Structures are given as structure tokens and as C-alpha cells.
């Protein structure tokens, strides 16, 4: 054993007993708030981009990276964050991730230029990559399988609220205060949560006595390559050397990671046998496709309400709430019903509704369309994704032994984030093929096909959900 691995090989302490009922309330509350912070910062910056450009004189590329820096690091390190929680303690790493996220939020608020802001967003993404997967793991530890659906439903609803409130909060804060406050708002909430998490959460560990450092590095580099390519493709082109090399590096390193985990790692961070479990593999595929559809559609719809319909950022955010706020109402109910009837019906119905709603919305994209014509499709799509959020998370965590819950949550979150990156890339590629930003008509010409593409991705997810087993089969 090397000196480095000896330093990491602290005594293993497995804690799988659920905490006392009062602590379950705190677990759901703190897990939900942690997920809310992470989800908010995925989208909250989008409505502040004009203010950032005015303050910093930022280029288009710099503005893109204020968003991409967070999302890329978040997507590529979330599996690492889950593994660190398994090894060094989920409560401990939750607190560490929250502390990093809070400090980085303060740094973003203090940024004096676009370069400083991008660096702060990178660190913020690293904190979120540790924080978010552990929110789901903590819930899995706190609740027995038969009661987990309600808790995960609440978690899913709050996560959806973060996505919903992002454009609205960003627009309101930027107009009413300044763009800096979209980051400063994280700080007091983080400072309140830190001591509560240290006192109220129950510590637990995964089953591996050593950290799989080689696996962590291979996974991080591979996921970075796969995520970098679609982020850069709209500007550099899919046939550019940068994008092709990025894809090649991603594929090679992911393949090396899988081989290492299968044959080389003494204590693999990811047991590949988990993917033989049909419930686990189909739920993760549905998560990837569901988020690709959701984030790709969100990318277009937020622009459609502003560029296509002429609303300012705040008014656009308010009108989109009929779509994005539904998880807060529907997800807890769907989670509770999934405990009783199984997760497959809710994954399948949710992805179908999401696809139908987006298809109806794409059909309505034309000059002069009234907001009233869009409300119905937005609600249908919102109810759909509200059913997908908790059912996918419940299926993933209930399909694996409790000791693997942390890594299972990490895989699920990594695939969701990668799905979001993929969805935006697909939407942007379709949009530029059929339209552009030259005029409102050009925009509408591209927006409709891009939403049809998002609907198609949801339909593929529904096909995947057909093959999911209705009940858990832990392997």
C-alpha cells in the first residue's frame, strides 16, 4: 500500500441504521435545501447575462462560460463527490460541499471581472458536485425503502422548484437589486444550514475501506471530455478538431474507467454489476433522456418568451412558472404513489406527458401566439417532469444495496447533468439549422423544431421506461 493510500485508508465505519424519526424531518429539510441551492445556480445566471455584459464588457464567450463553468464541473465531479461521501462520511462531506459552495457564492458576488466570476463559478460547481449527490444518499439512509418515495418526492419537488425559480429569481433580483445578489442570497442560507447539518444529520459511510483514486481520475477526465464536446460544438462546430479530440478523450477515458473498475480496482468506486440490474440501468437512462429533454426545452422556452414574445426577463419567468413550478405540487404525490404502485408507471406516464406537452408547445410556436394558448401545453409538460423526478430517483436508490446508495446517487446525478448538457447541444444545433437570431421570424423558425427535438428525446425516454421492471430487484 502506498503512502497516499495509507493516508486515505481511515478506519471504516458503516452506519446503515436509519436515524430516529425526528432526525428524518431534518434530513429531508437539509437535503431539500441543499438540492435547491444546487439547482437554482444551474439556471439563475441566465437572466442576468445582459447585466453582466454591461458591467464587465464581457464577450459572448465569457458570458457562456459564466453558465458552462458551473455546469461542466458539476457534471464531471458529481460521481467523485458521491465516492468521497462514501469514504469519508456523508454528513462530513455534505458540510464540506456546502461550505465550498457558500464561500464560492460570496466570491462570485465580489467578482470584479468576468474572469474572476468564471473562476468562482468553477469552485461553486465543485461544491455542488459534492453536495447534490449526498442529498439523495442521506435520504436513502434515513428512510426504509417502503417509506422512501414520499421523502424523495419532496426532494424532487424542491429540486424542481430550484429550476423553476431560477429564471424568475434571477430576473427579479437583477432588476430590483443587482446581479451580485443572485449569488449573495446563497450565503446567509448556507451559513444557517452549516451548523444545522453538523448537528442534525446522522453520519454514515459506504462499504469501501479505500478511495479508488485511479477510478476517480479516469471518471473525471472521461466525463469532462464527453461534456466539453457538446458545450463547445455550437461555437466551434461538431467537425472541429477541438470537439473531435474532446469526444475521443472522453470515450477513451470512460472506457479505461470501466475496464479499471471491472478488472483493476481492488475497491472499485462503481460496481459495474449494478448495471445488470434492469431497474437501475433503465432508470438512469430515463434520467439522462428526461433531463436532456427538460434542459434543452428550458434553454429554448426562456428565450422564446423574451425574443419571440417580447416579455422582459421577470415577466417571462412568471409566465413559465405554470410549467416549472409543478414539481413542487406533483412530485411529493407521485413519490408517495410510486411507493404503492411501483416506479415504472410514473416514469412512463411522466415522460409521455412531457413529450406531448413539448410537442403541443412546438406546434404553437408562431408569430402572434397568445400566452393563453401556451398554458395548457406548459402544464402538461410540467406534470410530466414532476412525475419523472421522484420516480427515477426512487428507482435508482431502491435498486441497489444500501451500501451502494451513495455511488448510485452519484451516477444518477452525473447522468442527469450530462443529459442537460446534451439537451442544450441538441436544441442549439437544431435551432441553428432551421433558424437563428437575425430576426424574430428567424428565431421562431428555429425554436419550433428545437422544441420538437426536445419532445422526441422525451419520447425515447418513454420507450426506455417501458422496459423498466415495476418493482425493485436489489442486486
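The requirement of being closer than 16 Å to residue 275 by Cβ, assigned by TED's automatic domain parsing to the domain that holds residue 296, at pLDDT below 80 and assigned to a helix (DSSP H, G or I) is satisfied by residue 407. The set of residues in region 158-174 that are under 16 Å from residue 33 (Cβ atoms) and modelled with pLDDT under 75 comprises 160, 161, 163, 164, 165. Suppose we keep only residues that are in contact (Cβ under 8 Å) with a residue 60 or more places away in the chain and surrounded by fewer than 21 Cβ atoms within 10 Å (Cβ to Cβ) within region 427-442. Which one would you say is nearest to residue 307 (Cα to Cα)? The extreme case among them is 440. The listed residues are 176, 170, and the only one of them that is without any contact (Cβ under 8 Å) to a residue 24 or more places away in the chain and farther than 30 Å from residue 249 by Cβ turns out to be 176.
Specify which of the listed residues (197, 219, 227, 233) is modelled with pLDDT under 80 and surrounded by 22 or more Cβ atoms within 10 Å (Cβ to Cβ). Show your work before the answer.
On the way: 197 fails: modelled with pLDDT under 80; 219 fails: modelled with pLDDT under 80; 233 fails: surrounded by 22 or more Cβ atoms within 10 Å (Cβ to Cβ).
Just one listed residue meets the conditions, 227.
Remark: pairs (first residue in region 445-464, free of Cβ contacts under 8 Å to residues at least 24 places away in the same chain; second residue part of a helix (DSSP H, G or I); Cβ separation under 6 Å; 6+ apart in sequence or on different chains) = 445/434; 446/431; 446/434.
Residue by residue, here is whether (1) more than 22 Å from residue 396 (Cβ to Cβ); (2) outside the structural domain of residue 345 (by TED's automatic domain parsing); (3) in a helix (DSSP H, G or I) holds:
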| site | (1), (2), (3) |
| --- | --- |
| 190 | yes, no, yes |
| 195 | yes, no, yes |
| 222 | no, yes, yes |
| 252 | yes, yes, yes |
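Of all residues in region 107-128, those satisfying the criterion of being within 22 Å of the chain's Cα centre (by Cα) and either within 22 Å of residue 56 (Cβ to Cβ) or crowded, with 23+ Cβ neighbours inside 10 Å (or both) are 108, 117, 118, 119, 120, 121, 122, 123, 124, 125, 127, 128. If the condition is being more than 17 Å from residue 395 (Cα to Cα) and surrounded by fewer than 23 Cβ atoms within 10 Å (Cβ to Cβ), then region 326-342 contributes 328, 329.
Condition check ((1) within 18 Å of residue 296 (Cβ to Cβ); (2) part of a helix (DSSP H, G or I); (3) touching a helix residue (DSSP H, G or I) at 6+ places or on another chain (Cβ under 9 Å)) across all residues:
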{"site": "396", "(1), (2), (3)": "no, yes, yes"}
{"site": "418", "(1), (2), (3)": "yes, yes, yes"}
{"site": "425", "(1), (2), (3)": "yes, yes, yes"}
{"site": "429", "(1), (2), (3)": "yes, yes, yes"}
{"site": "433", "(1), (2), (3)": "yes, yes, yes"}
{"site": "446", "(1), (2), (3)": "yes, yes, yes"}
{"site": "459", "(1), (2), (3)": "yes, yes, yes"}
{"site": "462", "(1), (2), (3)": "yes, yes, yes"}
{"site": "469", "(1), (2), (3)": "no, no, yes"}
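The values are calculated or read from the model by the stated rules, or taken from the named source; none is laboratory data. Just so you know, these numbers come straight off a predicted model, no measurement behind them. With ideal geometry, Cβ positions are generated from the backbone for all residues, glycine too; neighbour counts draw on all protein chains shown.
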